[in-house]
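In what follows, a structure is listed as structure tokens, so that the remarks can point back to it.
The values are calculated or read from the model by the stated rules, or taken from the named source; none is laboratory data. What you see is a predicted model, and the numbers here were worked out from it, not measured in a lab. Here the Cβ is made from the backbone with ideal geometry for all residues, glycine too, and neighbour counts use every protein chain on show. Ligands, DNA and RNA are stripped out before the accessible areas are found, and what is left, the full protein with its side chains, is counted by its heavy atoms. Shrake-Rupley method; radii C 1.70, N 1.55, O 1.52, S 1.80 Å.
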Amino acid sequence: MNAAATPIRTLPQLMDAGLVDAGSATALAAVLERYAVSLTAEVVGAIGANRDGPIARQYIPSPNELVSAPGEQADPIGDEAHSPVKGVVHRYPDRVLLMPTQVCAVYCRFCFRREHVGPAHGGLSETELDAALDYVRRNPNIWEVILTGGDPLMLSARRLGAIITALDEIPHVAAFRIHSRIPVTAPERIDDALLAVLANTHKPVNLAVHCNHADELTSHANAALRRLRKAGVMLFGQTVLLKGVNDRAETLEDLFRAMLAAGVKPYYLHQLDRAPGTSHFEVPLARGREIVKALRGKLSGLAQPTYILDIPGGAGKVPVGPEYLRDGESMVEDPRGFVHRL
Ligand code: SF4
């Protein structure tokens, strides 16, 4: 693999870096026409020479993205149906998503918002952002605001700070959360200016760090997570179950141990949302439940996330097992598979 300028965003750059072959150029041109691509220096380093490995698979575009499968939807979890104003999704009574930007440092090939993220989709203008914050102010039942997108940590510290200060001043907002891939894909962005913003709030800042493989937790990522912890940010992990990336119990065990060791509590293991062109990443639910079951008893409870499905169309998230109660709750299975009477 050649040394390459990063971020890598174009087909010639992907080829120059030795990440894709000229033979797949025509099919990939069609993929890049439709979906954004970006690989940061951190990600290219984590891929190393293994361009078919679990890190590469998450970020390098594939001709498989042009394959349509039944059930795929441009908006798989129904964000649009629950959006009262631009940039806000209000699906549950007590919390909203606020999406100030649609830009990310990387573009994950399985992203459930892949039809809506990328430089072409930009973000909220100042007027739109004011309207979104106003919506939160006017709805006293909103208890938590979840900053997502896109990746909110792509905003400048000044702009993110302005949003967080505005939320901090709304009395009925008790908590806010940021969903981000930045600590593992562009850890250098966790700098003093950003940390000052996150450390200077009255309300606790929760950061859900998206990470799918232990090899993404590089020394730089670990150092960034340490800086966040020192700034008082509470760290939670979210992981997507992905074929060819982390669909083995041993792989997830390594990941969840590495997360907890980095101070990140594994929170959700997501079943893949069926966005267009992502079926090559799908792990059947039955297989996912087997994997999760294999982790029970083996791994500290603190390192166990909830296996979760976002119901297609926007009906909400539910845990999808596995279950341990048997026979109308009169019997229970233990972590080794033995059944006991209650
Ligand atoms: S960082 Fe998040 S929003 Fe951005 S492409 Fe990846 S999964 Fe999608």
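A few points about this structure:
- Wholly enclosed helices (runs of 4 or more DSSP H) of the stretch 3-93 bearing at least 2 residues under 26 Å from Gly149 (Cα atoms) and either in contact (Cβ under 8 Å) with a residue 24 or more places away in the chain or under 19 Å from the mean Cα position of the chain (by Cα) (or both): 25-34, 41-47, 54-59
- Test result for Ala193, over 30 Å from Pro61 (Cβ atoms), more than 22 Å from the chain's Cα centre (by Cα) and modelled with pLDDT of 95 or more: yes
- Output for the stretch 79-91, where each listed residue is touching an Asp or Glu at 6+ places or on another chain (Cβ under 9 Å) and either closer than 18 Å to Val173 by Cα or of a type outside the set (Lys, Arg) (or both): Ala81, Val85, Gly87, Val89, Arg91
- Among residues of the stretch 171-200 being of a type outside the set (Gly, Ala, Ser) and surrounded by fewer than 18 Cβ atoms within 10 Å (Cβ to Cβ), the one that is farthest from the ligand (Cβ to nearest atom) is Pro171.
- Thr101 in contact (Cβ under 8 Å) with a residue 60 or more places away in the chain and buried (at least 21 other Cβ atoms within 10 Å of the Cβ): no
- Scoring Gln271 on the criteria (1) under 21 Å from Glu72 (Cβ atoms); (2) polar (S, T, N, Q); (3) more than 18 Å from the chain's Cα centre (by Cα) leaves a single failure, condition (3).
- Restricting Ala131, Ala208, Ala214, Ala157 to those that are of a type in the set (Gly, Ala, Ser), touching a residue at least 40 places away in the same chain (Cβ under 8 Å) and within 16 Å of the ligand (Cβ to nearest atom) reduces the list to Ala208.
- Among the numbered conditions (1) touching an Asp or Glu at 6+ places or on another chain (Cβ under 9 Å); (2) open to solvent by 10 Å² or more (accessible area, probe 1.4 Å); (3) closer than 26 Å to Thr6 by Cα, the only one that Lys203 does not meet is (3).
- Asn200, sole failed condition from (1) at pLDDT below 95; (2) in contact with a Lys or Arg (Cβ under 9 Å, 6 or more places away or on another chain): (2)
- Scanning the stretch 20-43 for residues that are open to solvent by less than 30 Å² (accessible area, probe 1.4 Å) and among the β-branched types (Val, Ile, Thr) yields Val20, Val31, Val37, Thr40, Val43.
- Among the residues of the stretch 314-337, the ones that are open to solvent by less than 50 Å² (accessible area, probe 1.4 Å) and either of a type in the set (Ser, Thr, Tyr) or within 20 Å of Ala294 (Cα to Cα) (or both) come to 9 in all.
- In the stretch 269-300, the residues that are in a loop (DSSP other than H, G, I, E, B), polar (S, T, N, Q) and open to solvent by 20 Å² or more (accessible area, probe 1.4 Å): Ser300
- The number of residues in the stretch 225-234 that are open to solvent by less than 10 Å² (accessible area, probe 1.4 Å) and under 17 Å from the mean Cα position of the chain (by Cα) comes to 1.
- Test: residue in the stretch 324-339 that is among the small types (Gly, Ala, Ser) and closer than 30 Å to Gly78 by Cα: no
- Taking the stretch 94-130 as the range and being assigned to a strand (DSSP E or B) and touching a Gly at 6+ places or on another chain (Cβ under 9 Å) as the test, the residues that pass are Leu97, Leu98, Thr101, Gly123.
Table: residues versus (1) closer than 28 Å to Thr239 by Cα; (2) part of a strand (DSSP E or B); (3) touching a residue at least 60 places away in the same chain (Cβ under 8 Å); (4) in contact with a helix residue (DSSP H, G or I) (Cβ under 9 Å, 6 or more places away or on another chain).
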site	(1), (2), (3), (4)
Leu302	yes, no, no, yes
Asp310	yes, yes, yes, no
Val318	yes, yes, no, no
Gly321	yes, no, no, yes
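- Just one of (1) at pLDDT below 95; (2) not in a loop (DSSP other than H, G, I, E, B) fails for Val145. It is (1).
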